[in-house]
Every structure is written in structure tokens, then in C-alpha cells.
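Following: one structure in C-alpha cells, then a few remarks.
The values are calculated or read from the model by the stated rules, or taken from the named source; none is laboratory data. It should be emphasised that the depicted structure is a prediction, and the values quoted were computed from it without experimental measurement. FYI the Cβ positions are ideal-geometry reconstructions off the backbone, even for glycines, and counts take in every protein chain you see.
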Ligand SMILES: Cc1ncc(COP(=O)(O)O)c(C=O)c1O
């Protein structure tokens with residue numbers, strides 16, 4: 001038996017998504033920039049996909065641009081806001097994804113921005129009073145970049161509160177929504193968000209395809225130059241199959257959101273119960289029983305010779321989970337998020353289980369049996 005519990009790193013492709021993509025790969029080979037019939041057929045697929053994504057957010061079609069994924073979209077928002085919208089200061093948190101943290105750190109080093117980190121509490125929740133103090137502290141044009149759902153501990157940001165605060169203080173708001181898209185509805189007609197990012201492979205779509213929402217009030221220039229694709233916002237021939245797959249995956253996520261959520265919540269709650277019942281000294285990380293992303297559960301256990309190689313031991317036992325975030329080198333690194341939350345302590349080992357609607361309670365039973373050979377049992 002092989003159990004996949006690393007859905008925050010990436011998700012398996014939905015069967016219908018694969019079918020949609022295969023049709024495009026096989027039959028729709030035109031270049032959407034060509035004006036002949038084959039080109040127009042490809043263009044129609046891209047524009048239909050754009051409509052479908054805009055429909056998910058209740059945004060206008062002209063505010064959605066396809067990209068290569070979350071990393072590109074986040075870079076595009078942050079760098080565009082600085083270059084084209086007069087942003088001189090960024091407020092973010094120490095537990096953002098590296099594609100935000102590393103980007104803003106580089107910009108600070110180059111003296112392009114002033115960088116401020118908002119305080120978080122012991123669960124990793126944003127300190128809104130501090131955020132407000134930071135917003136009040138400077139008259140410089142500010143971009144607040146805070147993620148909706150944390151990929152490592154699953155904390156959820158209070159979006160209405162954050163967006164209202166940014167609006168009140170005339171700051172732009174960029175939200176990395178890569179982990180939450182497809183799992184919660186998001187109405188951009190109600191919420192005031194300037195930029196948000198999405199990545200298909202986190203909601204059962206293909207890797208290497210994503211999008212950015214740019215509120216039409218924010219006229220930024222492209223990150224990549226060299227072509228007029230994506231209405232001059234992103235040069236390069238479009239990934240038709242990827243874009244069609246993204247739209248299909250998002251449609252399926254929207255259509256099945258309630259049933260998928262119920263399934264995942266029940267598996268997650270069962271895992272929490274079983275862990276609590278069977279093992280000593282388990283800590284659940286983040287706001288796991290407060291405002292949480294239901295696809296993620298992060299736990300820590302005391303470090304010892306058995307738990308030191310926890311993720312590897314689970315892998316050998318047939319379970320894919322993650323210690324830090326999936327790292328581009330393929331090497332499991334200590335997570336900066338857990339590092340911040342545990343104040344750099346090395347006394348604990350952390351593992352993140354992340355779920356999809358394909359996971360079952362039988363799989364959790366299998367996991368618990370394997371963990372019984374690794375973790376200290378309750379008396
Ligand atoms: C919160 C978050 N933001 C951004 C990314 C990057 O997305 P992509 O893999 O599409 O570049 C990830 C992926 O791990 C993520 O979890």
C-alpha cells in the first residue's frame with residue numbers, strides 16, 4: 001500500500017483534467033496568436049478558460065492573466081507594484097512562502113524597498129494591532145503581502161479584516177492564495193484585493209500553469225517582455241493544454257467543494273483523534289483547531305534517534321509526507337515556518353500531513369500502525 005499525504009506539495013491530476021488536456025495536446029495545436037482557424041480555435045480555449053477562472057472569483061475576465069504558476073504570479077505582483085505603482089514599503093510575515101520572502105529580501109537588499117515584518121503569535125496568527133501600527137507608521141506607498149492559507153501549518157488569514165485594514169490605510173494588498181484556491185469560495189466583488197495568485201497543481205490541475213488576478217485599478221507592466229500574449233501582460237506562447245487543464249480543475253474543485261471538504265475534514269479529524277489517543281507528547285502546529293486550511297495538519301514530536309528520520313521512515317513504510325516544504329533541490333530542509341514558530345529549537349521534529357479528497361480513514365489506520373513503530377506510545 002502507498003499512501004499519499006503530501007497534497008500541499010502537489011496534488012494528483014484529476015482524471016477529467018487529464019482527458020481535457022489530452023484533447024488539447026492532440027487536436028488543438030494552433031498558436032493562439034495566429035489569425036487562421038487553427039489559431040482561433042486555440043485562442044478560444046484560452047479565453048474560455050479565462051472566463052471560467054474569472055467566474056470562480058466573480059472578477060472581470062480582463063483581470064485574469066495566465067502564468068507558469070504561483071512563484072511567477074507572486075513575483076509579478078510584488079515587482080510590478082514596486083516598479084509601476086510607486087510602492088516603497090512592503091509589509092509581510094516571516095512565515096510566507098519562500099517565493100515571497102526571498103523576493104522581498106532581494107528587493108530590500110537592493111534598497112528598492114523598506115521591509116517590515118508583522119508580528120505573529122505562538123500559533124503563527126497575524127497580530128492585527130501590529131499590522132495596523134505598521135500601516136499607520138509611514139506615509140510611504142505600501143504593499144501588504146500576506147498569504148491566505150499557510151502551506152506548512154495551514155493557518156488561514158482573516159481576509160475581510162486584512163483587506164479592510166489595507167483599504168483604510170490606502171495600502172495595496174497582495175494575497176498568495178495558492179493553497180486556498182479551490183478549497184474556499186473567494187468573491188473579489190466583496191473583498192478588496194489588489195493581486196492574488198493561483199497554481200493549478202495545488203488543486204488537481206497540471207504543474208507549471210497558474211494565474212494572477214490583477215485588480216483593474218493597478219496598471220502594472222509585464223515581468224517578461226517579448227510578445228503581446230496575455231493582452232501584453234505576459235510574453236510567450238500560451239500553454240494551451242495547461243490552461244485548459246487549470247480551468248477544468250478549478251471548475252471541478254468549485255462544483256465538488258462541499259463534498260470534497262466533508263471528506264477531507266473527516267479524515268483530518270480522524271487523524272487528530274488517532275494521534276491524540278495513541279501517542280505521547282504530540283504537538284499540533286499552527287491554528288489547527290481555529291482558523292485552518294482543512295487540507296493540512298502539521299505535528300511535532302520530541303526529537304530522538306527514531307524521530308530524527310521520521311519522514312524517511314514513513315517513506316520506507318509506504319507513506320509520502322513532508323518535513324519542511326517540498327524544496328527545489330529535492331533535499332528535505334528544516335522549515336523556516338516551523339523554525340520561526342518554535343523559535344529555532346531543535347528539540348522537536350515536525351511532519352506535515354496534507355490531504356485531498358482521495359484520502360480515506362483506512363489510509364489513516366495504515367499511517368497510525370506505521371507510526372506505532374516510530375513514536376512513543378501512550379501508557
Ligand atoms: C503558498 C504557496 N505559494 C506559492 C507556491 C509556489 O507555487 P508554484 O509551485 O506554482 O510556483 C507554493 C507551492 O509550494 C505555495 O504553497
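Of the residues 174, 204, only one is at positive phi and either buried (at least 21 other Cβ atoms within 10 Å of the Cβ) or outside any loop (DSSP other than H, G, I, E, B) (or both); which? It would help to see each step written out before you state the result.
On the way: 174 fails: at positive phi.
That would be 204, the only listed residue that is at positive phi and either buried (at least 21 other Cβ atoms within 10 Å of the Cβ) or outside any loop (DSSP other than H, G, I, E, B) (or both).
Every residue, every condition in (1) surrounded by 21 or more Cβ atoms within 10 Å (Cβ to Cβ); (2) assigned by TED's automatic domain parsing to the domain that holds residue 200; (3) more than 16 Å from the ligand (Cβ to nearest atom); (4) within 18 Å of residue 200 (Cα to Cα), yes or no:
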site	(1), (2), (3), (4)
74	yes, yes, no, yes
95	yes, yes, no, no
98	no, yes, no, no
105	no, yes, no, no
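Taking the condition within 16 Å of the ligand (Cβ to nearest atom), at pLDDT 95 or above and farther than 18 Å from residue 256 by Cα, does residue 183 pass? Steps first, please.
On the way: within 16 Å of the ligand (Cβ to nearest atom): yes; at pLDDT 95 or above: yes; farther than 18 Å from residue 256 by Cα: no.
For residue 183, the condition - within 16 Å of the ligand (Cβ to nearest atom), at pLDDT 95 or above and farther than 18 Å from residue 256 by Cα - is not met.
Can you name the residue in the stretch 11-26 that is over 12 Å from residue 252 (Cβ atoms) and out of contact with any strand residue (DSSP E or B) (no Cβ under 9 Å at 6 or more places or on another chain) and is also farthest from the ligand (Cβ to nearest atom) among such residues? Explain how you work it out, then say what you get.
Filtering the stretch 11-26 down to residues over 12 Å from residue 252 (Cβ atoms) leaves 12, 21-26.
Then drop every residue that is not out of contact with any strand residue (DSSP E or B) (no Cβ under 9 Å at 6 or more places or on another chain), which leaves 21-26.
Values: 21: 17, 22: 22, 23: 24, 24: 20, 25: 20, 26: 25 Å.
The qualifying residue farthest from the ligand (Cβ to nearest atom) is 26.
Mind checking which residues of the stretch 154-175 are within 15 Å of the ligand (Cβ to nearest atom) and closer than 19 Å to residue 217 by Cα?
Step one: filter the stretch 154-175 for residues within 15 Å of the ligand (Cβ to nearest atom), giving 154-157, 159, 174-175.
The answer is 174, 175.
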